[in-house]
Amino acid sequence: MQQEVIVAGFGGQGVLLTGQLLAYAGLLEGKHVAWIPSYGPEMRGGTANCSVIISDQNIGSPLVEEPGAVLVFNQPSLEKFAKRVRSGGILLINSSIVTGEVKRQDIQVYRVPASQIAAQLGNDRVANMVLLGAYLELTGAVSTESVLKALAKVLSKGKSGLLEINRKAAEMGALAVRRSAAAEA
Amino acid sequence: MKVLMKGNEAIGEAAIRAGCRCFFGYPITPQTELPEYLAKRLPEAGGVFLQAESEIAAINMVYGAAGAGARVMTSSSSPGISLKLEGISYLAASELPCVIVNIMRGGPGLGGIQPSQSDYFQATKGGGHGDYRMIVLAPASVQELADLTAEAFELADKYRNPVMLLGDGILGQMMEAVSFRPRTALPAQDKTWATTGCRGRARNVINSLYLDPEKLERHNRHLQEKFRQMAENEVRSETYRTEDAEIVVVAFGTAARIARTAVDSARMQGIRAGLVRPVTLWPFPDQAIKSVLASCRALLTVEMNAGQMVEDVRLAVAGARPVHFYGRTGGMVPSATEILREIQNIAGVAYGASVS
Amino acid sequence: MQALARPQALTEEKFHYCPGCTHGIIHRLVAETIDELGIGEKTVGVASVGCSVLAYNYFNVDMQQAAHGRAPAVATGIKRVLPDRVVFTYQGDGDLVSIGCGEIVHAAARGENITVIFVNNACYGMTGGQMAPTTLPNQPTTTSPGGRDVKQAGYPIRMAEMLATLDGPAYIARTSVHNPKHVIKTKKAIRTAFEMQMQQRGFSMVEVLSVCPTNWRMKPVDALQWLENNMLSYYPVGVYKTVLQEVRG
């Protein structure tokens, strides 16, 4: 079993950290992981993305060609990565920011108003956790608990209060895709 | 215990654990996390971190520190390594141990900042002036970056020669799980040749100038004998599914990781493919390549350059089998799909021939 | 006759320098200083590229030979590893002012606790008298045969003055060795420079005006006179920076 995912958005939206949490959670669950960021000047104010592989086996190529899932936080990333999703794969869109159309019929598209949900929770910065929660609900790549455990390790002392809001954000994201799946059914 | 670390940072941590207490460097993408990591960690470990005014100054500081007996390292990326080459020639000529890290990016010229392997020639064929060699280690994972960093210091001291750790932008930037294995005690550091002040002994001189050609030839013979021993004792490589392989891919570093996935895909399609991964690029693992020729019909060298290591593969194969090449340049990375297509073409699948 | 005894900090090796060259005097002054300060067993010297490239044969201390212009970087590496040793470089003007301009400026700016002996003879000696950054306006050399044309080749660099503008250095002086009086002053400056280092005060440099009779195409005595008549006005001797009040002026 190998999960391959790309997280993409503006630099500063926490896309690199989101990918790192996923990789870290995989490591905590005893899996093989690889995380590769885009790097260089494009990250400063421009778009940033990272790819994550979580696998039960030794990882050969650490590069993600056709991601099983893509988490999209801005319009340029939608244009860049929608076409790369593996047929049958998942495209998760923060619909609070990204409104562009997706023409592909062979992938599952979920629009989650992640920024709106985050704002309702009282912290705009947890939008990435909303989308990550949705991704975990759909794939079960790792458990939400492992992600929160990873987050606890990277949060500096004094910021552990942020854990609870992140947990809520992940739950809201999961709920959003459950509802949307229910609506389709 | 395994931790998740960037390749660049893993090199830094492994260096400190290997007893390196001295780093001189200059910022350049995509290796900058390494000096940044050491800027924080080395002073904690009681060591010296100094950001030099240039790559040229940095390698010459390495020369001074190595000559003073320190375990010392510098790092850079391709254009910066070009600047260090004069110093590397001096280090090899003066028999000074040190570790030089090159996290390669696309060239030539200022090139780009994306991953590349286009410094293979520079690393393995000298680069700087004069007849010198250095061991070139080519890791393919963050774990191996850590392991080979530690080994690089030991090899440098063993032979009193610079050792290069050759990675690329992906390896430097990538995060993977890494554990820092406890290493057996370092061999006693008996650097009696170091210039530390001559109290209680005859004075030491670190030098590479020999105006008398007979003396310089004698010095060269001595160096060549040392390089011969390195070539004899320090070859490292890894083979993967080569036992019955008809198509053998040869690749190093990141390209080898991608090639491994392509080899697995080819096997699933019934093509008997295998992989030879040189871990030392110099000395080059000729024997490992010769040893797979019995079952092998053709070889495919895959590199993130326009075709450099392929020359050494062809030398090893010596015309016994066709050696094909597939590469991407400029910071583009070959995909497993592209490599699989090349394997298929060579296997004749594309033309309907049977391979099994 | 005690004064004429060979300093312990010089080896038995015979100097290769040309007749009338003042490198020998400056070597001796450095060696005497090392003896007087009793630091021969804890000193590491760095030879550069130029006429003094073989300095590692002459100074009876641990020595490293550096690539052209890089002696201050090499000395930095040594000093950072061995902060309690005394580290000095011995560099000519081609090495220090031209190809090694970057290294000397940054070593000085860092206040690197080393001592630099900088020998300025207004030409490239070892390669046969080419124009150096320190060659005077209108001074003929093999690469400025009609005399240095400042319109084409630009102006000489006054290194002592330039480095003295930096905050890093503890001691910057320029001296000359064209007569005994100035030789004594040079000796005093070199000793001060080494003492500064031993007191952990930071970067010290003595620029020593020197002659090159061979490449200047002059008799030794005429060369000394030429230095006095031409170089002293362009390169005034004196202490350009010191952290010690009493040395000033």
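The values are calculated or read from the model by the stated rules, or taken from the named source; none is laboratory data. These figures come from a predicted structure and were not determined experimentally. Note that we place each Cβ from the backbone using ideal geometry, even for glycine, and neighbour counts take in every protein chain shown. Just so you know, the surface numbers come from the protein's heavy atoms only, side chains and all, with ligands and any DNA or RNA stripped out. Shrake-Rupley method; radii C 1.70, N 1.55, O 1.52, S 1.80 Å.
Residues that are among the hydrophobic types (A, V, I, L, M, F, W, C) and open to solvent by 30 Å² or more (accessible area, probe 1.4 Å) were ranked within the stretch C:127-152; the one that is nearest to C:Gln197 (Cα to Cα) is C:Met131. Determine, yes or no, whether B:Gln143 is part of a helix (DSSP H, G or I), more than 13 Å from every other protein chain (Cβ to nearest Cβ) and farther than 24 Å from B:Phe49 by Cβ. In short, no. Considering (1) within 21 Å of B:Leu166 (Cβ to Cβ); (2) surrounded by 24 or more Cβ atoms within 10 Å (Cβ to Cβ); (3) polar (S, T, N, Q), the lone condition that B:Ser82 does not fulfil carries the number (2).
All of A:Glu145, A:Glu184 fail the test of being of a type outside the set (Ser, Thr, Tyr), farther than 20 Å from A:Glu4 by Cβ and at pLDDT 95 or above, apart from A:Glu145. Can you find a residue in the stretch A:68-79 that is over 24 Å from B:Leu171 (Cα atoms) and within 14 Å of another protein chain (Cβ to nearest Cβ)? No, because not a single residue in the stretch A:68-79 is over 24 Å from B:Leu171 (Cα atoms) and within 14 Å of another protein chain (Cβ to nearest Cβ).
Condition check for B:Leu96 on (1) part of a helix (DSSP H, G or I); (2) more than 7 Å from chain C (Cβ to nearest Cβ); (3) open to solvent by less than 10 Å² (accessible area, probe 1.4 Å); (4) not aromatic (Phe, Trp, Tyr): one failure, at (1).
Entry remark, the stretch C:46-94: residues being more than 7 Å from chain B (Cβ to nearest Cβ) and open to solvent by less than 10 Å² (accessible area, probe 1.4 Å) number 18 in total. Answer yes or no as to whether C:Thr165 is open to solvent by 80 Å² or more (accessible area, probe 1.4 Å), among the hydroxyl-bearing types (Ser, Thr, Tyr) and closer than 16 Å to C:Ala108 by Cα. Here the answer is yes, as C:Thr165 does meet what is asked. Name every residue in the stretch C:95-109 that is in contact with a strand residue (DSSP E or B) (Cβ under 8 Å, 6 or more places away or on another chain) and either open to solvent by 10 Å² or more (accessible area, probe 1.4 Å) or at the interface with chain B (Cβ under 9 Å from one of its Cβ atoms) (or both), in order of residue number. Matches in the stretch C:95-109: C:Ala107 only. Residues being over 27 Å from B:Met164 (Cα atoms) and either at pLDDT 95 or above or not assigned by TED's automatic domain parsing to the domain that holds B:Leu165 (or both) are entirely absent from the stretch B:219-240.
Of all the listed residues (A:Gly45, A:Gly100, A:Gly30, A:Gly14), the sole one being within 13 Å of the chain's Cα centre (by Cα) and either at pLDDT below 95 or within 14 Å of another protein chain (Cβ to nearest Cβ) (or both) is A:Gly14. The set of residues in the stretch C:138-152 being without any contact (Cβ under 8 Å) to a residue 40 or more places away in the chain and in a strand (DSSP E or B) consists of C:Ser144 alone. Checked against the criterion of being at the interface with another protein chain (Cβ under 7 Å from one of its Cβ atoms) and modelled with pLDDT of 95 or more, the candidates B:Gly80, B:Gly109, B:Gly64 yield just one match: B:Gly64.
Pairs meeting the criteria (first residue in the stretch B:44-57 and among the acidic types (Asp, Glu), second residue surrounded by fewer than 19 Cβ atoms within 10 Å (Cβ to Cβ), beta carbons under 7 Å, at least 6 apart or on different chains) are B:Glu53/C:Gly102; B:Glu55/B:Leu83. The set of residues in the stretch B:293-334 being open to solvent by 20 Å² or more (accessible area, probe 1.4 Å), among the hydrophobic types (A, V, I, L, M, F, W, C) and more than 18 Å from B:Thr242 (Cβ to Cβ) consists of B:Ala306, B:Leu315, B:Ala318, B:Phe325, B:Met332, B:Val333. Is it the case, given these coordinates, that B:Gly274 is open to solvent by less than 30 Å² (accessible area, probe 1.4 Å) and away from every other protein chain (no Cβ under 12 Å)? Yes: the conditions hold for B:Gly274.
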